[in-house]
Each structure stands twice: as structure tokens, then as C-alpha cells.
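Written below as C-alpha cells is the structure these notes are about.
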Number of protein chains: 2
Amino acid sequence: MLRKIHFCLLAGLIFTPAFSQQRVVDYVNPIIGTNGMGHTFPGPCVPFGLIQLSPDTDTIPHNINGEYQKDVYKYCAGYQYSDPTIVGFSHTHLSGTGHSDLGDILIMPTVGELKLNPGRADFPDEGYRSRYNHATERATAGYYEVVLDDYKVKAQLTATSRVGIHKYTYPSTDGRIILDLNHGIYNYDGKVLWSHLRVENDTLLTGYRITNGWARTNYTYFAISFSQPIKDYGYIDKKKPDYVGFWRRFNIDRNFPEIAGRSVVSYFNFDTSNNKELVVKVALSGVSTEGALKNLCAEAGGKSFEQVVDEAAEAWNTKLDLFEIEGTEDQKAMFYTSLYHTMINPSVYMDVDKAYRGLDHNIHQAEDFTNYTIFSLWDTYRAEHPFLNVVTPMQNADMVKSMIRHQQQSVHKMLPVWSLMGNENWCMSGYHAVPVLADAIAKGVFTEKEEALQAMVETSNVDYYDHLDDYKQLGYIPFEKSSTAVSSTLEFAYDDWTIYQTALRAGNEEIAKQYYARALNYRNVFDKKNGFACPRYTDGSFKKDFDPLQTHGEGFIEGNSWNFSFHVPHDVYGIMDLMGGEKVFLTRLDELFEMHLPKKYYEKNEDITEEGLIGGYVHGNEPSHHIPYLYAWTSQPWKTQFWTREIIDRMYRNDINGLGGNDDCGQMSAWYMFTVMGFYPVCPGTDQYVLGAPYFPYLKLRLPNGNILEIKAEGVSDTRRYVQSLTINGKKYDKLYITHADLLKGGVWEFKMGTSPNKKRGQKAENKPYSLTNGIK
Amino acid sequence: MLRKIHFCLLAGLIFTPAFSQQRVVDYVNPIIGTNGMGHTFPGPCVPFGLIQLSPDTDTIPHNINGEYQKDVYKYCAGYQYSDPTIVGFSHTHLSGTGHSDLGDILIMPTVGELKLNPGRADFPDEGYRSRYNHATERATAGYYEVVLDDYKVKAQLTATSRVGIHKYTYPSTDGRIILDLNHGIYNYDGKVLWSHLRVENDTLLTGYRITNGWARTNYTYFAISFSQPIKDYGYIDKKKPDYVGFWRRFNIDRNFPEIAGRSVVSYFNFDTSNNKELVVKVALSGVSTEGALKNLCAEAGGKSFEQVVDEAAEAWNTKLDLFEIEGTEDQKAMFYTSLYHTMINPSVYMDVDKAYRGLDHNIHQAEDFTNYTIFSLWDTYRAEHPFLNVVTPMQNADMVKSMIRHQQQSVHKMLPVWSLMGNENWCMSGYHAVPVLADAIAKGVFTEKEEALQAMVETSNVDYYDHLDDYKQLGYIPFEKSSTAVSSTLEFAYDDWTIYQTALRAGNEEIAKQYYARALNYRNVFDKKNGFACPRYTDGSFKKDFDPLQTHGEGFIEGNSWNFSFHVPHDVYGIMDLMGGEKVFLTRLDELFEMHLPKKYYEKNEDITEEGLIGGYVHGNEPSHHIPYLYAWTSQPWKTQFWTREIIDRMYRNDINGLGGNDDCGQMSAWYMFTVMGFYPVCPGTDQYVLGAPYFPYLKLRLPNGNILEIKAEGVSDTRRYVQSLTINGKKYDKLYITHADLLKGGVWEFKMGTSPNKKRGQKAENKPYSLTNGIK
């Protein structure tokens, strides 16, 4: 039955195909990035599903006795490969984020002594958690299995979009399920506001919990079915309220079908003497238990575990099969796993009947679209959403619509900054839903321009957001008001440029004019004395003793000025000029990749780690992702070809440590996907992709419009990494960018590769990519 | 504008009409019962409305430092007339209960120094509460006003079904509103699970809170409009969570439009320099803020405060105008206020679009009925619901339907025991929704017999409820299992008799037979040795050293055996026989009313007080309410006529202390309403009312079917209290009961009254009311 699950994890690291009739889905290795900084999770999900059912190896609480726990950062996805125990399997996980939440509705199979607390990693026997061995672990797209050594229980997991499905094989006759409604990632004391559980009958539970976490008010409803009848059950509430009212009339601890509380851990015993297998189906909903039940019936009703495993793999295969490549097995694993990682988040946030909980906490109907959440926009506006515009544009259009609905439901009238389970969590800076809308419009993916433009304009005028009032008045955020004044000014200016573009496309000249001016605001934070973006005060003066390599205390968020000064993707010639011309610009770029960055410059920052560095270039975090492509605006465009291949070779490996930084909801993987194709959306909101070089000798993309694009780069390798020439459908192509329209046409792009650069290619001004200005006149 | 509000409170006690063109609504004196034990509230509401907007004079927390506060009992309705301060005006109140909750969404107008805690009654200057003087207080049906002395603010209140409307007249230019989302009746530390508030624009708020109180999970959504724009606003959260996430980016304490927390107290400042009047409209919903907004628009949109005052008075007048009586002004005040009290609870629990939150916490549509909550059934099955069957049967039919929906949504498959805001609070004993259904069916008010019967049968078989398993097996609840074993056995037996009756009416002989047997279970707790209902053990033996006057420790709930042994309304001859025959039965009845009950027998019981006692008869609590009518089964039926008038004279007065006990959601008042008409539903589930004697010389009832019933008792008085004869439409009528069919026909009932009883009347067996058996054969 599991014939389609071919990979097995040998020594915890290497996957080998078991059959020769390989499907692309079989290359996916969900274990990539599950150790260290990747913050990916190994458990099953389907593309853009609500469910990410995965083992949690630990969930260090946010604080213990008032002390912030640094290790909490490791557990953004609940799993660290190096951990020796599994606490249980919970149903919601963020893929690759650098802040954490979720881990909702934990299920753990146990036998023997009843334990109702998870216990500590160092003392697993204290609680219900179990030791495990990676040799028993299997992870493929849509399937996961492991043996829980302490109980000798074999655990198998799969998922539909809204239902997590567990199959447990017990060693003995006394199978048990722990349902811990208090478990969560980034749990702090008081995170669970309330939980409610009903035993509807001997094979069905319903309930919900409300949490106050990164998602400030998160409603998680569930419906849980068991394949065997419950024998008996009970619960504890670790935080009994002072007042229990007349519920005290009942013996509610045992076999009482309706329980509620702040810290409920329940258990269900089964007689597994005739059948050692128990299948548990857990449907979630953000709306109601009724919605969860509908989801359960519609997606998993009557289906065997094995059937769902097949369907999940097939769902992935359909998405992944858009691409074919020539490459080694490891390269294919990396490629298809990257593609897989671009389609975990965002996640559908809507029941099968199209009801969803809006940002206003009311229930809405998504009549003409699918509602999504988990928009990590500071990360994903760069390459993730542009990538979805290429491979699954209708879904990205629905994501845009979801963002606009969010804006309409927002009391602030703001597009999402970071949308998490129908909540705004306000993480990171800028208003980067704006470029996502602009890019979808620029590429013809989203067509309701006026509605989008209104949402963008309203968003960019929420004066109490990140000192927008000062920004609008002064043209920059003064440093005495904000510790991230410079980076926010740069980000606002770019976002504003995308409003300018959208206004042009919508034919609204007045708004275009206004936002053209705002798009140039980046100029206001460049100190011409040193050519760096610098903290500036209200009086117009710049900060003295400024260190462009320092991330902390210099006006930037998660990046130093050396990197962030390049963050003007819409006006590269503008910054080139501000820096002192092309020569300085090129020197700066070269130095960025070649410098030695002393540890003191990043050791305090969780998002910047040694693994993610090339010189002072930080691939492990987002603000620098476009920088290797900026050579295209200079006379040395071939350096993009050198460095992009270098980054792939060093930062992307088919390995538990295979990601050089947080995958950040697919952004790191989308960078890879574009880059291996040979181009990158440096400036989302234009219709241009800046060319680098293909990574593989052959890549085929079945475009959603039915066209086929073949990208050929015969003989490409680490030594033959330089583009000599390019023909598109047989015609010589000298530009350093291609357009979205070029892409959609498909055809054959043939790159001639060589061991040294063709330094003449793309030097003419007409071959350069878009820039708002040609520099400061 | 307030010309229709005629009553004013002089010296805090006496109302006088100001106009001669009196409407019946003007007799209502909501202040009756607001001191001491009545637990009524003075603020405005409309019949069966969701809103009861009323001043809270205090809300002693349930416990302080872990100590249970006895005074909490005084504040079931949030108001005690003798209190010197008002904390504010909250929107939900229970009418006359003996346990407490609600007091949701408190509004308090203040000026001057900003205070965000209520302060203590003894130190009002500590907080936002204010002193007041009863001389400034006015309370009529649908209207309340008072001057808050500390702020010189005149407060006026009125209500629609789902909207509370406040009008505040400030003395100065700096009007302020405190919105305390932490305030509540029976507040305990942790009762508020979560609250959320949005400032939608400068005149509109939305939000909600979720509480864990007597209603275990109570969702109260609101929409609040102001007649003037908010100048500025802010809030405090007295229980900030350990983790606030990225909301820390904002200065959320001041003028930030979206706040949430566990203990939120907010304030809104207004510039009242041009207009000192501020009208605040507060709509509630159990469903969503969207629902609250719909309620606001549909019921109060565009209406002036004065218009709503008029409409509320008119809504009451329409209900009250069913009756006309001859009597003194005080008698009319008592009469119409009692009628008013029968129509405060139950309360509508459904938005204007018919959406409501069900017992399963899901949102349902009440397609073909109006959904109600607040069913205090241990109290109200006796006379309140039977009374509604007479005066507003369509509403009672919808209440029955609401109970059946509750049963269908219940995981226990139980009809409500005590339904509170879509929650089951399990208060008190029995399953007395069952007789309410049976009575509505017996009287033709509710016709879906099979659906009702199924709900009744399922309810009576929830084995873990109050030892039903033992009851079904042994025929009684053994005393070693339950401290209220005897009273519950008696209550179950009666409830089961109503299932028997309903099964007969539904033509289901098998169920009828089964429940006929269960209806006789009362016999199993009578000890023939003393003729009292006594605690009995599993082995069949009765408790030794049994004291039939003692309430505590003898197997009864809120009543002693002397009273409770009469609690077999369906088989009066049966208990007469068990007690030792008519002579003993009569002696017992007489002694009950004439004995001196030493204080030790009731001092520990909050529900039994001296004011509510006549001898050992406890009118202040429900279990005895039918007892004065039991003389009808004996050879001395005239004693009913004596004692019922005695009870009215002593227990019902147009006075702040005018109720001899908790009004209990209208039960005490419904007893009055039946009794003054001259009859009472001793055994709901039969179609019979047992006759006493009219209290007024003339009473006219406009029946809902259009017929008119006139009840004449010329010359009736405390001395002429005995019925000599009765003619119905001119025809002599000798029975001691009338039927619901007789009542519906209307016509003229003419009682001849005299100073001494006509001892011959009603002696023949054929004239006696219903009894299941003629005694034990």
C-alpha cells in the first residue's frame, strides 16, 4: 500500500530511491533543513494546506520563571533533528519562520502507565514523550512514520488540506491516545485562553481552543474520529478555575463527555486486543466544530489511511511535475524539495463550505475565492509570491484577494504585514503586501486594479504605523523616533514605488505622481559623505560614528547598512549615483561577497548566522537576496553568474542542515527556484526578471497557460558557469532581463556556457534592467 | 418628551400617578423587590428582551484571597436599594435568581480625574463609581434615570430587545465614558477569559468578551455607537499577558483602535462643550460583532432616545393591557409589576437575522422560531411557563422549541436544567424542562409531540445525571450516594409522570407504561412508619434520627421533608394514603402553616428566610408553592382560599422589600398572577387548574385567542375571602378545578364571596382535581 513512498532515510541523512519508475514527488526530502536554522518540519501536508501534521521534539516555553528562553528560537517548527525525543504530533506548523506559534492539537499514542504531562527532554520518563531513533523515521511528501521506542508504537501520519490522519500500531492490547490541548509552540503561561472538548460518541470528539500567541486571538476548532470505539477516557485541568459552578455535581474527570478549561490534557483508552491499529482523523477549522466536521467528512470521510497517503503524494506530484530537470539525485532532491517548500505556506484558511474567520473575528463567506493565511510578507514579497505568479497564478490571485479582504476587515484599513490564522501579528517592517499586489497586477495575474490600489493607498497612510506620519512629513523616519528608521524608510520607498506603478497601470495619474515622489524617499537616508544609507535625525543631520557593518543600533532591522544600502530595487542607478558612481558600487558589491565579517557583527542576531554568510553577504536572511543580481546594472554582469552558483553550492544541500537560514515560508526556496532557472525578480512590481545563469543543463517548465518552457545550458557546471550567449527560440537575446510576457510564451531558451565570462554581453544601456531614474540629476 | 413616564419615587418607596389618563404600563414599579431578597433590578428592558440595562450598586467578587464572600448572594441582580453608590450600568441581569452571573459590558459616565477601577463601596472616591440619591431615581417599565452625584451627570436609560440606550447629560465640557470589560456580577479572578475592542470610527465601537462563570463559556459581542465623536481614548489591561508579541510596536494605550486582553478597562473622552448630552447605544449579540451591528441598526438605528423610551413603554403596555382589574393603586402596582416580572426572563437569544449561538457553541439559524435562553426551570416549570401558556402561548411554544434545540445540541442529549446564554449551568435538580414540554402539549400550545417525547425520554435516561442510574434500578436514589436523594427522587417521579402523560397523548403505550411505573417511584422514599419522605439507603433501610423539619443533611434540596413530602402533585391521593389518610394529611397541612419554625432550621439556607415564611410554609422558595392548593383534595378545600389570600397580603407589597423571596425569573410573580385570578396549576402536565378564590372584585383577561374572560368576585376582601359558589357563564360550577379549555372559552366566571366558608362546596369525588391513583391499594 505504501508502494509510492520510496525514500527511506539511511543514517538519518541520505535518501535513495527504491524503484526505478520514479515520480518527481519521490525526490522530495522533507528532512532538508530540519536541523539548526532551516526551521522546516518533516511531517506531512498537502500544497497550501491548513494542516501541517508533524512531530514536535520540543517546545521550549517562551519563558520560565519570567526568564526568556533563547532556545525557543530553535523550535519555530517544533522539530530539531538532533533531539532525542518526540513529544507528540501536532497539526499546525510554520514552515521555516524565525518566530513561532501554533503546534495546535497534539496527539500522542502511549501504552502503560498514564502520564498527562509531556515531561522534559532530559528526563523523558517523567512524561508521555518518547525516545525515538532516526533509523525508523521516514519522511516523504505527504507521509511520515517513526517508531516511538518507549511505547513500541509505530506512528504513521498523512494529511489532506484540512485533516491530519494518524495511524498507530500498538504493541499491546491497551492502546491509548493523549490529546493535549495545552501543548503549543512558543507556549507561555497563559497562552491557552480556553479549550472545550465534547465526546460526541464513542468514535467522535469535537472541540476547540482559543490561544493568545503570536496570533493574538487564534480559534482552532477540531473534529476527531477514531477507527475503534473509545473504551474509557478522562482528563486533567492543570489550571482549574476558582469557580466551577454546578459542574461539580458530576465526576467530570472520568468518562464525562463535556469538559472545558484553561489547561486541559485528556486521554482516551482503546481495547486494541483484536486490532492493534488505530486510525485517528483530526480535522481543523477556524470557524466552528461544525465546520471541522464538514471538513472531516468532505476530505477524509470513508477514506483509508493508505488512500489519503496516495492522494497526498498525488497532490504534490501534480504540483511538482510542472518541472523536469537534468541533474544528480541529490540535485533533484534539492530541487523538488525547494519546490515543495514554496508550496507549504501560505495556507488555506477556510472550510470546505467557504466559511472563514476574518480579521474582524467574524465569519465570512469566500464566495469567489479561496481564503489564505500565513503571509510572511517581509520575506515572501521578494521571490515567493513572484514564483507563485509563475507556477500557480490562480492561487496567488486568491492570496492577493485574501490580503485585500484582510485590509477591508482591518480596523486599521491595512493590508497584512504578517497574516497568521486570521490575525495580524505585525511582525517585521514595511507594508510588503503592497508589492505583492503590484506584482500580481504587473504580471496580469490579478486584474481588480482599482480595488487593489485603494487598499494599497490606505495601507500606506496609516500614520501610527512605524512612524509613517514622520516619513510622510520629512521623507524619512528620524532615527530618534525609531531604532530601525533607515531600513523602514528604504522599505517604504520601495513599497511606495509599487503603488506608483500600480497607479500608472490603473490610469490614476494623481496617485502616481504622489507615490513617484515617495518612491524617491530612499535618497533622504543616504549620507553622501560616505555613500551609505545612514540613520538621520529630524534636524536633517546624520548619525556620527556610524558603522555600516553593524546591524544593531544603526537604524536597520536584521541587516547592516552594507547590505541594506542596496535595498532600492526600483532605482539601482539612483543608489549607484548616491554611492559615488559605478566604480564605488562595484567595489562595494565585490567587497560584500569577499570581506571577512567579524563575529561581533552578527552574533547577537538570531537571523544572521555563520552558515548563511558569504563574506558579508547574508543569504541566510532576506534583505540581501536580490543583491547578487545587481551586477546586471553594472559593466560586470557576469559576476551575478559567479555568485549565484556559489550561493547555491554553499547554501542548498540535500541534508538535515541543508538550508543556510530560515526557509521563511518558502522565500529561501523560491530564491533557489528562480536562480536555478537562471533569472530572479529583483524588483517585484516590474514585469522583469534579471538574468543570471541556469544551474542545470536542462530544465523544463510546464507553464499553467499550457505553454512549455525549456531552458537549456549544455555543459553547465561549477567551472562552466558563465553565459556566453543566449538564444530565445533560436533568436539571439542580448538583454540582461527577460519579461513575464517572454516567460509566458514558453519555447526554448538556449544558454551557451563557458569557463570564463563573455564580458561584452549586455553592456548596452538598452539591455539593462529597469531603474526608476538614471541617477540623481 | 417623557410625558409617558408618570411614576416618581417619593422617599424611595411610594409611586404616585401624575396623570389621570393612566395606561396600565404606568402602574409598573420596577423597584419592587430591589432590596433584600427579591433580587429584581430597577433598570429598563422590554418583554423577554436580551438586554436588561440596569445600575449595578455592587458586585462583590465570588472570593477574595480564596475566601468565599457571603454577600455575593445579595448581588444576583447587581442592585441593592440600600447601597449608597452606583458602579455603572451594565446590560445583562437575571431577574430574581438565587445565583448570579452576567452584568456584561459596563458603561459609566464620569468627568474630571480619570479613574479606571470601580473602587470600593466604602471608599467610592477610590474609583469611578459614584454616590447617588434615591430622590433622583425614576424607574418605570422601559425607563430608568438617576443623577450620579459625584459627577453631576444625569443618567437616563432605556432599551429595545437587543440594544441598551443611555443618555448622559454632563455638567461640563469634558464628558467621559468608562467601558469596563472586566466588570461582571459574580466576578472571580479569571472569569473574563478574553476581551477584544475595536474603535471602528469616531462614533462606533465593536468588540466582545468571553467569560467563564455560571454560564461556563459566555460569548458577549457588542456594537456601541456614540451620538458625538470621540475626542480621544485609551485603556489599561490589568492582567497583561507575559507575551505581547509585535503589538509592542505601537503605543496601544492611547488612541490605538484595536485592543485585547484579559482585564481591559477603556475610556473615551468627548468634547461636550457644544452639546452636554451624549447618547450611547449598546447592542449585544451572542453570535458576532456583525450580529451586534445588525441588531443595533435594526432596533435602534436612527431612533432618538425618547422614541425608544416610548416604544419600550408601548411594548410593555401591549403585554400588560391583556389584563384589567379593580383594586387600589398599590394593588394595581403590585399586579402589573408582577405581570411585568413574568415577562423579563426567559430572554431572546438570537440576532435579528435569526442567527444564534447554540449549546454546542456553533452558530445556528432559528428558521421557524425565536430562540430563548435563561430557563430557570426548577423554579419556572411550576407557574411561570404555565402562565405564559395562558397569556402568550406562541412565545412559550418557541421557548419549548428552544429547549428541544438545546437538547439536540447537547452532547448529553439532555433538555436544559438551567439554560444561561447558550450554556447549561446545571443548577438545581430534576429535569424540569420535561414538565414544561408536557404542559405545553397538554394545553395544545406545542404540537410536535413525537419530537418532544423523544427529547423527554432521552433526558430522563442520562444515567450519570444525579444518580439516574440508581433511580432507574432501585426506584429511588440511595442516600449514601446523594445528599439530596429524597427531593430528587420526588422530582424525578413527577417529571416522569409528565412523560407518561405525553406518551399517552402521543399514543405511545409502551413508553406510557414504562413511565407510569417511574411516576410511582415517589412511593419508594416514603417511610410508612412516620408518613414522611425520608432518606433511604441502597439496602432499603431508612435513615434513623430523621428530622422532617431540617433542611440540611436530610436528603432534600432547599426544603425540608415537611414541605417536600407534599411534592407529589401528580398523585395527591397517593401521598395522602402514605401519610396515613386524609386526617393526617390535613393535620400536616394545617400544622405547616401554623407551626413555629425555629431559626436553626433555615438560618444556614440563603433561599429560606424569615420574610418568606408562614409558619413552616416557605413561600420565599419554590418547592412549597403548590401546597396551599392541596386542600382541594381534602374535605376542607376552603382553607386554600384562606391561605392564598394570606400569602398575597403578607408576601407581595408595592415596596422595595415587596417580595418575600427571590422572584426566580418570574415564578414568584407567576404564582401571584394565577392566585389573584383564583386558580393555580398545581400539576403542570394536566390541563387542570385548581381553584382558590379571586383576589380582586373584578379581573378581565383578554385571551390571546380573542376571547374575553371576566372573573367577578363582588365584595371580595380579607374578611370576605371565602367562595360561596361559582357560576361560569351563568351555569353553576361545583368542581374544584377548571380546565385549560374552560379558560380559553372566556366568558364570565362569577364567584359569590362570603365571610365564612361554604363547607359543602366541592365535596363530591367527581369535583376533585386529578390524581394518578386513589391511594395505595
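Nothing in this text is a laboratory measurement; each read-out follows from the coordinates by a stated rule. Just so it is clear, the model here is predicted, and its values are computed rather than measured. Note that we place each Cβ from the backbone using ideal geometry, even for glycine, and neighbour counts take in every protein chain shown.
Table for the structure above
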read-out	value
Listed residues B:Thr328, B:Trp316, B:Ser347: farthest to the positive end of the dipole of the range B:294-358 (Cβ charges)	B:Ser347
Minimum Cβ-to-axis distance in chain A for the rotation onto chain B, with residue, whole Å	A:Leu193, 3
Gyration tensor (alpha-carbon) shape descriptor, the protein assembly as shown, a/c threshold 1.5	prolate
Sites matching GluC sites (Glu not before Pro) across the range B:326-426 that sit in DSSP coil, with at most 13 neighbouring C-beta atoms within 10 Å	B:Glu367
Rounded to the nearest 20 debye, dipole of the range B:416-565 from Cβ charges on Lys, Arg, Asp, Glu	540
Nm distances between copies for B:Glu582, ranked from closest, using label points 7 Å along Cα→Cβ	12.3
Distance violations [Cα-Cα > 29 Å] among A:Lys281/B:Lys472; B:Lys543/B:Lys599; A:Lys513/A:Lys768	A:Lys281/B:Lys472
Rounded to 10°, Cα long-axis angle of helix B:667-677 versus longest principal axis of chain B	50
DSSP beta bridges in the protein assembly as shown [antiparallel fraction, %, rounded to 5]	95
Relative contact order (percent, whole number), the range B:466-580, Cα cutoff 8 Å, 6+ residue spacing	27
Options A:Leu148, A:Ile210, A:Gln52, ranked by Cα towards positive dipole end of the range A:9-320, top entry (Cβ charges)	A:Ile210
Residues of type aspartates and glutamates that B:Lys239 reaches as a straight line, Cα spacing below 15 Å, ignoring anything fewer than 8 places off in the same chain	A:Asp189, B:Asp180, B:Asp189, B:Asp253
Charge dipole (debye, nearest 20) of the protein assembly as shown; +1 at Cβ of Lys and Arg, -1 at Cβ of Asp and Glu	1160
Test item: Cα-centred dipole of the range A:9-320, Lys/Arg +1 and Asp/Glu -1 on Cβ, debye	460
Nearest-ten-degree value, helix A:449-459 long axis tilted from longest Cα axis of chain A	80
Among B:Asn654, B:Tyr722, B:Tyr695 - extreme Cα towards positive end, dipole of the range B:606-777, charges at beta-carbon	B:Tyr722
Three-way shape call for the range A:354-447 based on the alpha-carbon gyration tensor, with the a/c threshold at 1.5	oblate
Per-residue average of Cβ from other chains inside 10 Å of B:359-367	4
Helix B:329-341 vs. chain B, principal-axis angle (Cα, 0 to 90°, nearest 10)	80
Estimated distance in nm for a label pair at B:Ser483 and B:Thr538, the labels positioned 7 Å out from Cα along Cα-to-Cβ	2.1
Shortest-first distances to equivalent copies, position A:Lys513, nm, label 7 Å out along Cβ	9.4
Given A:Lys115/A:Lys238; B:Lys449/B:Lys700; B:Lys154/B:Lys294; A:Lys191/B:Lys240; A:Lys700/A:Lys759, the pairs whose alpha carbons are separated by over 21 Å	B:Lys449/B:Lys700; B:Lys154/B:Lys294; A:Lys700/A:Lys759
Gyration tensor verdict on the range B:683-777 (Cα atoms; rounded if a/c is under 1.5, prolate if a/b is larger than b/c, oblate otherwise)	oblate
Shortest-first distances to equivalent copies, position B:Ala298, nm, label 7 Å out along Cβ	2.7
